[in-house]
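Note sheet for the following structure.
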Amino acid sequence: MDTGKRIPLVYKQTECGRNPNCGIHVNDLSVSSKHAIIELSSDFKKAFICDKGAMHGCYINELKMGSMDKKRLQHNDVLRFGTAKLRFKVINTKSEKLEQEASDSDGEREATDPRQQSYNLRQQDNSRGVSNAF
């Protein structure tokens, strides 16, 4: 994964690791071939990270997860696999915002398709630490 590259999470499960076949390929020797899995809930409203028992562990905001643990991800969480850092972002699409504006104007809130919400990971440049500039 190139520094700064955004990766949309569109599948229910996305493997993260050094293996080039992983949906999130992290080319770093401190990262296991299959380090973790990111899962989206069936309604696409929640995202979770599942540790796969990697030797160098998984961290969320520098808090180490237990081996084989599953934790919910929040907007702007920083994930660390070995020495590689990635930022988790929740992005609401333009169509959802337009639906929200339309529903607010007539006083009723319409249900929006949860699949309109998307999630991104972006690898951080470790030499400068985690950047909030997106």
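The values are calculated or read from the model by the stated rules, or taken from the named source; none is laboratory data. The structure displayed is predicted, hence computed values, not measured ones. Here the Cβ positions follow ideal geometry from the backbone for every residue, glycine too, while neighbour counts run over all protein chains shown. Ligands, DNA and RNA are excluded from the accessible area calculation, which covers all protein heavy atoms including side chains. Shrake-Rupley method; radii C 1.70, N 1.55, O 1.52, S 1.80 Å.
Tabulated data
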{"item": "Sorted peptide list for 12-22, 68-78, criterion being average Cβ within 10 angstrom, highest first", "result": "12-22, 68-78"}
{"item": "Calculated FRET efficiency for the pair GLN13/ASP69, C-beta based, R₀ 25 Å, to 0.05", "result": "0.95"}
{"item": "Environment charge at LYS46 (Cβ cut-off 12 Å; Lys +1, Arg +1, Asp -1, Glu -1)", "result": "+3"}
{"item": "Solvent-accessible area per residue for segment 9-82 (1.4 angstrom probe, square angstrom)", "result": "53"}
{"item": "Solvent-accessible area, 1.4 Å probe, carbon plus sulfur percent, for segment 26-71", "result": "52"}
{"item": "Cβ-Cβ FRET estimate between LEU29 and ILE91, R0 fixed at 30 Å, reported to 0.05", "result": "0.45"}
{"item": "Surrounding net charge for ASN61, when Lys and Arg each add one and Asp and Glu each subtract one, Cβ distance under 11 Å", "result": "+3"}
{"item": "Cross-link pairs LYS5/LYS89; LYS5/LYS64; LYS5/LYS85; LYS12/LYS45 - those with Cα-Cα distance over 22 Å", "result": "LYS5/LYS64"}
